[in-house]
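Read through the structure below, which is laid out as structure tokens, and then see the notes.
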Amino acid sequence: MRRGVRRCCERGTALIEVSWLAILLLVPLIYLILSVFEVQRSAFGVSAAARAAGRAYAMAPSETEGMARARAAAAVALADQGIDVSRSRVAVSCRPQPGNCLAPGSVIDVDVSYPASLPLMPSALGGNTPSIRVQAAHSVPYGTFREDRP
């Protein structure tokens, strides 16, 4: 008889418990998935930007034109992924002669970095919302048998 009394009084509580448990587990899981997608999107954009910037720099007729083309190519690649171009950083260096990237036998190194902000962070935390820095590097050999460009 005692078992029947307990069942009578506890009807409907399992539904409430399962609902609260689902909310407590699903909300952090969904936030984690959104954060991973944001970082992955940023990683794809930064990687494509580094590759495009290296190719654009290597095809440029001069060093100054090369830097402008590298930044423009990186901006297009980042914009394709919906990334804010103003927060990204593009750095170009070269080896073995740091001052002459378009010399035969040199290698052009491009580094692109971007702070991927975590989604759904309120602005009440201030201007410094948490972010994960995503960085990509790409090297483009200029070629030994190409002409030297100014």
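The values are calculated or read from the model by the stated rules, or taken from the named source; none is laboratory data. These numbers were taken from a predicted model, which means no experiment stands behind them. Cβ sites come from the backbone with ideal geometry, for glycine too, and all protein chains shown count toward neighbours.
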(Q) Among the residues that make up the stretch 72-85, is at least one of them among the small types (G, A, S), surrounded by fewer than 18 Cβ atoms within 10 Å (Cβ to Cβ) and either closer than 18 Å to V134 by Cβ or touching a Gly at 6+ places or on another chain (Cβ under 9 Å) (or both)? (A) yes
TODO: Kindly establish whether S19 is modelled with pLDDT under 90 and within 30 Å of P104 (Cβ to Cβ).
DONE: no
Given the conditions (1) more than 16 Å from S139 (Cα to Cα); (2) modelled with pLDDT of 95 or more, every one holds for L120 apart from (2)
When the stretch 52-99 is checked residue by residue, the ones that are closer than 27 Å to R41 by Cβ, touching a residue at least 40 places away in the same chain (Cβ under 8 Å) and not in a helix (DSSP H, G or I) are Q81, G82, I83, S88, V90
Exactly one of L120, L102 is under 30 Å from L29 (Cα atoms), in contact (Cβ under 8 Å) with a residue 24 or more places away in the chain and not small (G, A, S), and that one is L120
Per the list (1) surrounded by 12 or more Cβ atoms within 10 Å (Cβ to Cβ); (2) at pLDDT below 90, residue check on P96 breaks on (1)
Residues of the stretch 123-143 being under 22 Å from A50 (Cα atoms), exposed (fewer than 13 other Cβ atoms within 10 Å of the Cβ) and modelled with pLDDT under 90, in sequence order, are G143
